[in-house]
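Nothing in this text is a laboratory measurement; each read-out follows from the coordinates by a stated rule. The structure presented is a predicted model; accordingly, all values stated were derived computationally and were not measured. Cβ atoms come from the backbone with ideal geometry, glycine included; neighbour counts cover every protein chain shown.
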Amino acid sequence: MIRVALLVVVAMLAFAANSVLCRLALAHTAIDPASFTLLRIASGAVSLGLIASLQRKRPTGSWRGALALLGYAAAFSFAYVSLGAGTGALLLFGAVQATMVVAGLLRGEHPMPIQWLGLVLALVGLAVLVAPGVTAPPLVGALLMLGSGVAWGLYSIMGRTAGDPVAANAGNFLRAAPLAVLPLLGVLALGGGSVDGQGVAYALASGAVASGMGYALWYAVLPHLTAARAASVQLSVPVITALGAVLVLGEAISLRLVLASLAVLGGIALVIIGRRKVA
């Protein structure tokens, strides 16, 4: 059990590292978001492909999954041009959970009152975070990150029926890698596009380690966790990201971010408690 707990901690650190590494690259190096996205997905494809090969699994996945993955990764990178890491992680996480709740409603699920309360609380928290004000995040960046969260939520929903998660993720990353050239071509056409050694290193670390190895590690420990516990531990990711942003990026934690975090994470916790009661 201690081994499982340690692996869960490492997986959550890897998920949080994606936000910190992306913001670090786009705020402090010369790499552009499209190049970061391409390098992240390509290195993630190599990492997951090797892991699948070592486990004697053949990459599967789908083009739908690849498009959702690319939508998440591209919007994620472009959002972090202007967003702080902690703010971005909270917007992403809130949008992912809201998307999955809405998808459940469309499938005919009937949430308990406590789940409705949690959803409303989380949405209010997101509204507080993006509301106009001195400490409000840039609107374009916030909308991009919300879109990224919706794409990741859809990707997660597809993953429920995709069979082996490592094989499915490997296949989706492999399909998404050539598609990731398209945003870069758009940036180049507009006269942008740039890379440097440090930015490339951050992108490769985000793709090969934080994404590829992080996802593989998470799916390895997932069978040892209940669904409610797995959802609960992921509440730590925005908190870890915010702390990492303070330590690595020197970002300040505003009162608005603290209050929004309490509302969003508290609301999601209520949704998880409701799921446990239904189960």
**Report entry** Hypothetical label at Q198: residues of the stretch 47-85 whose amide nitrogen lies under 19 Å (7 Å Cα-Cβ projection)
**Finding:** 80-85
Report summary line: Connecting every pair of Cα atoms under 10 Å apart in the chain and solving the GNM, the largest mean-square fluctuation among A210, A52, A176 falls on A52
Report task. With a 10 Å radius around each residue's Cβ, average the other Cβ atoms per peptide and rank 78-85, 58-65, highest first. Result -> 78-85, 58-65
Requested in this report: Distance from a point 7 Å along Cα→Cβ of R107 to each backbone N in the stretch 163-186: keep the residues under 14 Å and list them by number.
Outcome: 163
Report summary line: In the stretch 80-185, the trypsin sites (Lys or Arg not before Pro) that sit in a DSSP loop and have at most 13 other Cβ atoms within 10 Å of their own Cβ are R107, R160
Report task. Determine, at each q value in 0.26 (inverse angstroms), the log₁₀ of I(q)/I(0) that the Debye formula gives when each Cα of the stretch 1-47 is one equal point scatterer. Result -> -0.95
Query raised in the report: Over the stretch 66-214, with a single point scatterer placed on each C-alpha, what log10 of the ratio I(q)/I(0) does the Debye formula yield at q = 0.15, 0.20, 0.21 1/Å?
Result: -0.91, -1.36, -1.42
Query - Spin-label model distance (nm) - A269 vs R160, 7 Å beyond Cα toward Cβ - result: 2.4
Report task. Would you calculate a helix-derived [θ] at 222 nm for the chain, using -39,500 (n - 2.57) for each DSSP H run of n ≥ 4 and dividing by the full residue count, to the nearest 500? Result -> -24500 deg cm²/dmol
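How would you order 44-51, 90-97 from highest to lowest mean count of nearby Cβ atoms within 10 Å?
So the peptides 44-51, 90-97, ranked by packing, come out 90-97, 44-51.
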Query - Cut-off 12 Å between beta-carbons: net charge of the residues surrounding I157, Lys and Arg +1, Asp and Glu -1 - result: +3
Report task. Would you look at the GNM of the chain, springs on alpha carbons closer than 10 Å, and say which of A189, A66, A162 moves the most? Result -> A189
Query raised in the report: Rounded to the nearest 20 Debye, what is the dipole magnitude of the stretch 2-278 about its Cα centre when Lys and Arg each give +1 and Asp and Glu each give -1 at the C-beta?
Result: 800
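For the ranges 21-34, 253-266, what's the packing order if you count other beta-carbon atoms within 10 Å of each residue, average per peptide, and put the highest first? If you can, show how the numbers build up before the last one.
Working: 21-34: 22.3, 253-266: 18.0.
Highest-to-lowest ranking by the protection proxy: 21-34, 253-266.
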Report task. Using only alpha carbon pairs under 8 Å that are at least six residues apart, calculate the relative contact order of the chain and give it in whole percent. Result -> 43
